[in-house]
Structures are given as structure tokens and as C-alpha cells.
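The values are calculated or read from the model by the stated rules, or taken from the named source; none is laboratory data. Since the structure is predicted, the reported quantities are computational estimates derived from the model, not experimental observations. When we count neighbours, we look across all protein chains shown, and the Cβ atoms used for this are built from the backbone with ideal geometry, even at glycine. Heads up: the accessible areas ignore ligands, DNA and RNA and are worked out on the full protein's heavy atoms, side chains in. Shrake-Rupley method; radii C 1.70, N 1.55, O 1.52, S 1.80 Å.
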Amino acid sequence: MAMTPQSNTIPLGLYLWKRIYEVGVRTVMGVPGDFNLQILDYIYEVDGMRFVGNSNELNASYAADGYARANGTPGCLITTHGVGELSAINGIGGAQSERIPLIHVVGQTSKMFQDKNVMIHHSMGMKPDHQLYNKISKHVRADAAELWNGEDAPAEIDRVIRECVLKAAPVYIFMPLDIHAHQVPANLLDKKIDLSMPVDTACQEAAITAIKEALTQAKSPVIFLDMLIHSYAIKEATKLIDAVKLPFFAAHGAKGIVDEDHPRFVQLYNGSVSHPGVAEAIEGSDQVLAVGWFPADTNGGLFRKISESKRIDVMDTYVTVNGKKYDNVYMAPLLEALIKALADVNLPKVDMPKLSKLELGVTPANDAVNHNYLWPRMGQFFKPGDIVVADTGSSQYGIPDAKFPKDVLFFTQIYWGAIGYGCPAAMGADFARSERPGGRGRTVLITGDGGLMLTIQEIAVAMVEGLKPIILIVNNNGYTIERAIHGARQKYNNIPPFKYSHLLSFFGGESKPGVNYHLVKTRADLESTLTKPNIVEPTEVQIIEVILDVWDIPWKLAGLLKARGGNMAEYLVEEGFSNAKVKY
């Protein structure tokens, strides 16, 4: 299949994977199927690229998402026509929702079968439209390449990969079964895909001038870092807060972007549900430089009180300065240029706000672990270089109280919010970690028993592939976050109990209590577990099962639910949920 000196051509299937390798993808997720098998073969002809067979296509899409977030490149998955691509679509929707670059390669039926509407398996109807699933996925992707002829296919592949990178969004590449072997000129690969951003320099300069003017005229400007930075400008945002000596805040969804020990970091701002004094400090500023503004309800967006009239929004492709919009301005280059432009500007000196202490009960009298104790202790456990993934659920609202050291990458699906996302995403992230020089750092998954139940089989893939994530299972006997929302004692919020002590054995390994499985019921258990050498520096998959009371919820979750109004405050108290009376 490889190029020969005589032909100077390569198969289109090989061209595809070489281009995907070019943008930083080293691990391709997916599930083999009879319409993608020949396409898969070409992966093994690309030095340094590997294929990982996931337990199902949904998990593959989550794993590719986690890989993208941890690697700073697109993630990639391959599925088969119909049943495979539809199984993955929820994960693709999550990537579209949260601005994560994914390349979804779909092996399709042959062009001849499509032209004749042949009743090939995985289709629908007596005269099936083989493009039906392509049409369905249009709503959850940024673009697609439909490779109908070999001559145009290389340019189409290049075009959608560029769109994926620049927009930080999922794209599809549909490859019919009878086109993968079409020969294309090998020298097309000599010219790299153009990933430069089409910046309107005049608009960018005008935006920077407006930002400078707004900041210098303000009396108490501050910086607010929000979730979209993860997809577009982590390095540039970090440089900004070092260069522009102003107090800065971060959203829940932006946790981990910067060093939380930074002398000008104030706290996480979650609207009215923040540490005492935080909302007053940022909302009292007369000018907020907001980078990556993302006001989703689960990111505190419904409870923020920062009007557009005193906000500078630096977004993915535009900037607004106190309501005036500048288009075709891109976040990363804008921030780079802004840092230079502000180098010689005297900005107002703004004192760090003084915050009151949040008063929480630490732990029950019986020494059991609860949310108020768990997360500060986990903050002490994390180390520079770690990747921390929180699944959707109550833990998502507890982990903000874990103070991260510098150089910790954290992510959670804060907006799409699919339970079960965390486990495959963490495995994808651990593949990315393993590709770092020396495999530096650890991957720590924090998941509830309810969410883990949906995608638990991906742990088997991690074991087969030699990954070594630490999996902390918050076992609170069901869907506690749903109980807190409604139906506290309804049966639908129960789940089947799992014996996690047998998990690794069930997946073909060996469960060894105290070695790779650890049961935590008390603070003493937690302390002894987190200090074990095989947890501090894991050499295999580690399972930590932490038992929490079914009615124990993080204070931030309780606060967000109460902020919805109605009778939520009374409901939480009457049903006996912890932290229902916390004042902030």
C-alpha cells in the first residue's frame, strides 16, 4: 500500500492518516466495522500512530474528546456506517457544545451501493438513503468532507482538518469503501495544512485600541478567565495575567488554567454562589476584561451580575468592548498583541480584595469522609503535571474546593453534562499523558457510582493498553445529584450496587485489596490510601472507592440549586441534604 518510487503516489487512506498525524494526533480511537476495516489498515503504515479499539463508539467519542483536551490537538475516532456513527453522536454533540476539536472518520458503503440504494445492512427502508446518517450529524458538527471522488478528496480532507483546528469543533470525514485505495500524488503532503488564522488586522488593532482605552479609563479593572480559554488560548491567557498586573478571577469551567497560588488570583467566581466577598469584588469592578465568556447555567452563568456595558469580551472570533463588536478577531493572536500593546501602559493599581472565610462543617462526628473534607484533601494530593478529570455529577461541584498546584490540567463536561463522560474521557487523556516525554504526570478520574455505571467497561481498555489512571469512585449509593434536584427518595434515583473490589478481576486483571483496590470509609482510610507509594506513583490502574452518605452534597451544588428559587431551599433542608444551610 505504501508509496513506490515508480508511482510517487500513495493511497487516499494513507494520505488521510498522514494528514491527521500532521496536526498532532498520535492515538486514534474507535471501533472496527466492516465498512472501515481497510481504512484502519493504513494507520499501521504511519510511524508513531496507533489505533485503540474502544468498548463502544460512544466511549470512543468521549475518549477522543479527553485526548483532545489533554493533548492540545484534535482528537480522532473512526466508526462504521450507520450503527457506529450514530452510537458516537452523543459524544460528538458534547464536543460541539464545549468547543472541542474532533475528527470523526466514517467508513461508508461503496459509491455504487449508494447510487443504487442497495439494501445493505446498517441501513433503513426498502430503498435506503445511505446518506441519512450524514444528514443527521449535520447539526452536531462544524463541517464535513464527503469524499465522492479521489481527485478532489485530498483538498477536502485538508479543508475540514483546518476547520476543525481553527474552530475547535468536530468535523466528519466520510470515506466510501471503494475509494480508500485511490492513488493520490504523494508530494501533496510536502505542503502543510495552512492553520493560520484569517485575522482582520485592522479590526484587531481597533479592538486593542478600544481595550486599552477602556482599561486605562477604569478605576478598578479586573480580569475574568472563562471556559472557552481551554479551547483557544491557554498559553496566551496565562501570559496575560502575568503581564497585566490586575486581580483576576476564574470561572468554574476555567479552573486549572492558571496557578491558584498566583499572587493576583482572587478566587473562582460562580455568580452569587461563590466564596464570601467574591461576587461583590468582581461585580463591583467598573471594567471586567472577560476572556472566553461562557455563561452556561452550570458554569454559574445564570447568577452572574456583570453587565455588558462594563465588560470586555475576548471571544473565539470576535471582541466586544462595552457593547461594541469587532469581528474576525481571534482570541490567541489578539491576546498576544494585547500583551505587547499594554507593556508600556500605566494601568490603575487595584488592590486585592479581602475575602471572608467560608464557614463549613468539616466532617461528621464519626470520622466519616464527606464532601467538605474530601476536596481540600484531594487538593493536597494533586501534583504538578497531573491531569484531573471530573465526571458530571455531584463531584463536579465539589472539586472547585480542591486547590490545584501549578501545572495541573483539569477538565469536566460543564455544559453538555453527559453522565458517564468522565471514564472514557480520562482514558483518552491518559493516552495523551503517555505521549508526553517520559510519560510525565498522573491521570486522576473522579467519578460517581452512577456516572461510572454507564461507561465502566472502558477501564478494561485502559488495562489492556497499559494505562495507569487513578480512579476515585465517589460511592453515594445512586444518583445523589438527581436526588438533590428532585425525587430524593424515589426509586428511579437508585442504581444497582457494584462490587468494585472485583472490578479489575472481572476485566481480566487481578483485584488486589490494598494494592490496586482501596476502600475508604473514614478520614484515616483516606489519608493512608493517598500516601501509599502505588497511589503517589501508580504503575497500574488504581481504584479508590470512597463511601459518602447518600444525602451529602457539596455546598456549591446546594447553593446553585437554592439559587433557582421556588421551594428548593426548603426541599433540601426537609430531605436532609448536607450544606443546605451554608451561607456564602
(request) Given the peptides 379-385, 438-444, arrange them by the average over their residues of other C-beta atoms within 10 Å, most packed first. (result) 438-444, 379-385
(request) Determine the sum of side-chain charges near G107: Lys and Arg each +1, Asp and Glu each -1, restricted to other residues whose C-beta is under 10 angstrom from that of G107. (result) -2
(message) Could you work out [θ]222 nm for the chain from helices alone, using -39500 (n - 2.57) per DSSP H run of at least four and dividing by all its residues? Round to the nearest 500 deg cm²/dmol.
(response) -9500 deg cm²/dmol
(message) Computing the accessible area with a 1.4 Å probe over protein heavy atoms, can you report the carbon and sulfur percentage for the chain?
(response) 53 percent
(message) Taking 0.36 nm per residue of sequence separation and subtracting the Cα-Cα distance, how much length would be gained by fully extending the chain between L355 and D152, in nm to one decimal?
(response) 67.0 nm
(request) Could you compute the FRET efficiency for D47 and K305, with r as their C-beta to C-beta distance and R0 at 56 Å, rounded to 0.05? (result) 0.55
(request) Rounded to the nearest Å, what's the spacing between the alpha carbon centres of the stretch 372-412 and the stretch 501-522? Just the number, please. (result) 22 Å
(request) Report D242's accessible area, 1.4 Å probe, all protein chains in place, as a number in Å² to the nearest 10. (result) 80 Å²
(request) Provide the per residue accessible area, probe 1.4 Å, for the stretch 395-493, rounded to a whole number of square angstrom. (result) 31 Å²
(message) Sort 174-184, 133-143 by the packing proxy (mean of other Cβ within 10 Å over each peptide's residues), most packed first.
(response) 174-184, 133-143
(request) Counting only DSSP beta bridges with both residues in the chain, tell me the antiparallel percent, nearest 5. (result) 15 percent
(request) Mind putting a number on the dipole of the chain about its Cα centre? Charges go on the C-beta only, +1 for Lys and Arg and -1 for Asp and Glu, and I need it in Debye to the nearest 20. (result) 1100 debye
(request) Would you mind listing how long the stretch 53-120 runs along its three principal axes, going by Cα atoms, in whole Å with the largest first? (result) 43, 21, 20
(message) Tell me the relative contact order for the stretch 518-584 as a rounded percent, counting alpha carbon contacts under 8 Å between residues six or more apart.
(response) 29 percent
(message) If Rh is defined by the Kirkwood formula over all Cα pairs and Rg also comes from Cα, what ratio Rg/Rh do you get for the stretch 180-305?
(response) 1.15
(request) For the chain, state the average projected area of the convex hull of the C-alpha atoms over all orientations, rounded to one decimal in nm². (result) 28.6 nm²
(message) Given an 8 Å cut-off on Cα distances and at least 6 residues of separation, report the relative contact order of the chain as a percent.
(response) 12 percent
(message) Going by average Cβ density within 10 Å per residue, which order do the peptides 412-423, 207-218 take, highest to lowest?
(response) 412-423, 207-218
(message) Contact order normalised by length for the stretch 368-491, with contacts defined as Cα pairs under 8 Å and 6 or more residues apart; what percent is it?
(response) 26 percent
(message) I'd like the Kirkwood hydrodynamic radius of the stretch 1-121, using the inverse of the mean 1/r over distinct C-alpha pairs, in Å.
(response) 15.0 Å
(request) Work through the residues other than E22 whose Cβ is under 13 Å from its Cβ and net out their charges, Lys, Arg +1 and Asp, Glu -1. (result) +2
(request) Please give every one of the lysines within straight-line cross-link reach of K325, meaning a C-alpha to C-alpha distance under 17 Å, and leave out same-chain neighbours fewer than 8 residues apart. (result) K212, K310
(request) Please work out the C-alpha center-to-center distance from the stretch 241-294 to the stretch 83-129 and express it in whole Å. (result) 42 Å
(request) Hey, can you find the accessible area per residue of the stretch 164-282 for me, probe 1.4 Å, expressed in square angstrom? (result) 38 Å²
(message) On alpha carbon coordinates alone, what is the Rg over Rh value for the stretch 475-520, Rh being the Kirkwood radius?
(response) 1.16
(request) Using a 1.4 Å probe and counting only protein heavy atoms, arrange E465, E205, E574 so the residue with the most accessible area comes first. (result) E574, E205, E465
(request) Set the Förster radius R0 to 41 Å, insert the Cβ-Cβ distance between S196 and K116 as r into 1/(1 + (r/R0)^6), and round the FRET efficiency to 0.05. (result) 0.45
